[in-house]
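Below is one structure, written out as structure tokens; the observations come after it.
The values are calculated or read from the model by the stated rules, or taken from the named source; none is laboratory data. These figures come from a predicted structure and were not determined experimentally. Glycine also receives a Cβ, built like all others from the backbone with ideal geometry; neighbour counts cover every protein chain displayed. When the accessible area is computed, the model is the full protein with side chains, heavy atoms only, and any ligands, DNA or RNA have been set aside. Shrake-Rupley method; radii C 1.70, N 1.55, O 1.52, S 1.80 Å.
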Amino acid sequence: MNKSSSPTSIAEQICSYVRERFETTEFVPLHVPSLSHLEKERVVDAIDSTFVSTVGEYVNVIERKLCEITGSPYAIATVNGTAALQVALRLAGVETGTEVILPPLSFVATANAVSYLHAHPLFVDVESETLGLSVDALTDFFEQKTQIQSNVCVNRETGRRISACVPMHTFGFPVNIEAMIDLCNRYCVPVVEDAAESLGSKVGSRHAGTFGKLAAVSFNGNKIVTAGGGGAILTADEQLAKHAKHLTTTAKTPHPWDYFHDECGYNYRMPNLNAALLSAQLDRLDDFLSAKRQLAAGYQKVCHTSDAKFLWERPGTTANFWLMTLRLESRDARDKFLEHTNEAGVMTRPAWRLLNELPMYDSCQCEAIPSASQLADQLVNVPSSAIGC
Ligand SMILES: *Cc1c(COP(=O)(O)O)cnc(C)c1O
């Protein structure tokens with residue numbers, strides 16, 4: 001092995017690039033939000049208005065902005081991304097005792113949202129090109145393990161209805177969403193996109209999160225834009241949008257004074273204080289996107305001459321480069337890379353532990369997942385904050 005491809009020398013090259021770009025000898029975190037005078041002004045404005053909680057104009061403002069940014073006809077703000085996903089799944093028809101197809105390579109919230117509805121995660125492999133759910137693996141699963149009975153897709157092994165499929169745009173790299181939706185349509189399975197990580201990512205000119213029946217976005221502190229905490233449901237369906245707003249606001253029917261709630265809803269609305277912060281962040285999204293793209297281009301150059309692969313967007317797609325990602329040759333190389341960089345004060349992290357290995361999901365049905373297993377061993381995220389914003 002030549003020197004430039006040993007994990008330690010790749011780690012050294014990455015560390016020196018990070019130090020040069022972040023212009024610091026101090027600890028460099030993986031991802032921090034950029035908060036400016038604009039965020040401060042909006043939050044102070046929300047406080048001055050006295051509307052800091054469950055009603056207020058900023059919630060309407062950010063819902064409009066989200067529609068503009070994504071091209072989604074409707075956006076419904078929620079208290080966090082997990083809540084958005086739970087409600088989106090419920091509106092897609094996920095209910096007790098049904099099954100939901102998930103990638104094993106995702107954040108735990110993807111599976112938790114399914115569990116909150118008393119449905120069962122069912123894991124299908126991802127592909128290394130997109131890091132997301134594999135159309136080929138999903139095709140095999142549908143062909144070999146399911147049958148359609150009067151427009152309902154049934155898992156032949158369990159006899160349970162498959163009520164949704166949740167592709168996730170990993171680290172902001174768009175999944176092969178168009179082919180996935182065609183396939184799921186043929187098997188009568190609605191698609192709910194977990195677009196928590198992909199604000200600003202596109203397939204062609206169309207925004208991630210606008211392909212499925214519904215989608216969930218997150219504005220947690222570590223995402224590309226933050227509300228402090230928050231999320232949103234996206235949909236093109238007016239009835240679903242109305243129902244989403246209703247369900248996330250305790251299902252209260254409009255009335256000047258009467259407390260009448262017509263179903264068991266949730267207190268999942270985004271507080272106006274958080275929406276105020278988010279409104280400023282959304283105004284700065286384009287700056288974040290271009291700063292990240294610049295940083296990513298430099299990483300790609302550094303990795304060009306080594307055996308580590310810096311992941312880039314597929315042709316025809318736009319990644320938001322939320323968390324920038326390297327793929328090492330092996331788990332051993334990854335571990336050495338993690339050790340070296342973290343010891344040097346440059347924060348790097350492996351991908352998540354696979355969901356099917358977590359104690360609450362280890363007895364769920366899991367198809368063959370060779371790609372997910374390999375990726376879980378080989379991926380690392382490197383410092384990805386928007387520099388200069
Ligand atoms: C962040 C995230 C969520 C959950 O969003 P929260 O706002 O933290 O609840 C869901 N899915 C994925 C893939 C995420 O990265």
>> Out of everything in region 78-95 that is in a loop (DSSP other than H, G, I, E, B) and not β-branched (Val, Ile, Thr), what residue ends up being most open to solvent (accessible area, probe 1.4 Å)?
In response: Glu95
> When residues of region 211-228 are filtered for being open to solvent by less than 10 Å² (accessible area, probe 1.4 Å), in a loop (DSSP other than H, G, I, E, B) and within 10 Å of the ligand (Cβ to nearest atom), how many remain?
Replying inline: 3
>> Considering only residues that are in contact (Cβ under 8 Å) with a residue 12 or more places away in the chain and either aliphatic (A, V, I, L, M) or out of contact with any Asp or Glu (no Cβ under 6 Å at 6 or more places or on another chain) (or both), which ones fall in region 126-139?
In response: Val126, Glu127, Ser128, Glu129, Thr130, Leu131, Gly132, Leu133, Val135, Ala137, Leu138, Thr139
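I'd like to know if region 10-22 contains one or more residues that are free of Cβ contacts under 8 Å to residues at least 60 places away in the same chain, open to solvent by less than 90 Å² (accessible area, probe 1.4 Å), among the polar types (S, T, N, Q) and closer than 14 Å to Ala344 by Cβ.
Taking every residue of region 10-22 in turn, at least one turns out to be free of Cβ contacts under 8 Å to residues at least 60 places away in the same chain, open to solvent by less than 90 Å² (accessible area, probe 1.4 Å), among the polar types (S, T, N, Q) and closer than 14 Å to Ala344 by Cβ.
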>> I'm trying to understand the selection: among the residues of region 104-142, which are within 28 Å of Arg349 (Cα to Cα), more than 12 Å from the ligand (Cβ to nearest atom) and of a type in the set (Val, Ile, Thr)?
In response: Val124, Val126, Thr130, Val135
>> Looking at the structure I just gave you, is Thr305 among the β-branched types (Val, Ile, Thr) and open to solvent by 60 Å² or more (accessible area, probe 1.4 Å)?
In response: yes
> From the list Ala275, Ala280, Ala296, which residue is closer than 26 Å to Val175 by Cβ and either of a type outside the set (D, E, K, R) or crowded, with 19+ Cβ neighbours inside 10 Å (or both)?
Replying inline: Ala296
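Rundown of residues vs (1) open to solvent by 40 Å² or more (accessible area, probe 1.4 Å); (2) not in a strand (DSSP E or B), yes/no style:
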site: Lys301; (1), (2): yes, yes
site: Trp312; (1), (2): yes, yes
site: Leu326; (1), (2): no, no
site: Asp332; (1), (2): yes, yes
site: Met360; (1), (2): yes, yes
site: Asp377; (1), (2): yes, yes
site: Ser385; (1), (2): no, yes
site: Cys389; (1), (2): yes, yes
> From the residues in region 201-210 that are in a loop (DSSP other than H, G, I, E, B) and open to solvent by 10 Å² or more (accessible area, probe 1.4 Å), which one is nearest to Val191 (Cα to Cα)?
Replying inline: Thr210
> Do we have Val189 as touching a residue at least 12 places away in the same chain (Cβ under 8 Å), in a loop (DSSP other than H, G, I, E, B), closer than 18 Å to Leu122 by Cα and open to solvent by less than 10 Å² (accessible area, probe 1.4 Å) here?
Replying inline: yes
> When the residues of region 96-140 are filtered to those that are open to solvent by 30 Å² or more (accessible area, probe 1.4 Å) and of a type in the set (Phe, Trp, Tyr), which remaining residue is farthest from His169 (Cα to Cα)?
Replying inline: Tyr116
>> Of everything in region 287-312, what is within 16 Å of His31 (Cβ to Cβ) and hydroxyl-bearing (Ser, Thr, Tyr)? Give them in sequence order.
In response: Tyr299
> Among Leu199, Leu277, Leu240, which is within 27 Å of Lys40 (Cβ to Cβ), over 16 Å from the mean Cα position of the chain (by Cα) and in contact (Cβ under 8 Å) with a residue 24 or more places away in the chain?
Replying inline: Leu277
> In region 44-62, what count of residues is obtained for those that are over 25 Å from Ser290 (Cβ atoms) and part of a helix (DSSP H, G or I)?
Replying inline: 9
> Could you say which residue among Thr96, Thr146 is touching a His at 6+ places or on another chain (Cβ under 8 Å) and free of Cβ contacts under 8 Å to residues at least 60 places away in the same chain?
Replying inline: Thr96
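Under 24 Å from Asn272 (Cα atoms) and either within 16 Å of the ligand (Cβ to nearest atom) or open to solvent by less than 10 Å² (accessible area, probe 1.4 Å) (or both): does that describe Val61? Can you show your working first?
Values: under 24 Å from Asn272 (Cα atoms): yes; either within 16 Å of the ligand (Cβ to nearest atom) or open to solvent by less than 10 Å² (accessible area, probe 1.4 Å) (or both): no.
The answer is no for Val61.
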>> What's the number of the only condition in (1) more than 16 Å from the ligand (Cβ to nearest atom); (2) within 21 Å of the chain's Cα centre (by Cα) that Ile76 fails to meet?
In response: (1)
> Are any residues in region 362-375 surrounded by fewer than 21 Cβ atoms within 10 Å (Cβ to Cβ), in contact (Cβ under 8 Å) with a residue 24 or more places away in the chain and farther than 18 Å from Glu329 by Cβ, and if so, which ones?
Replying inline: Cys364, Gln365, Cys366, Glu367, Ala368
> Can you spot a residue in region 300-308 that is under 27 Å from Leu138 (Cβ atoms) and touching a Leu at 6+ places or on another chain (Cβ under 9 Å)?
Replying inline: no
> How many residues does region 229-268 hold that are open to solvent by 60 Å² or more (accessible area, probe 1.4 Å) and touching a Leu at 6+ places or on another chain (Cβ under 7 Å)?
Replying inline: 1
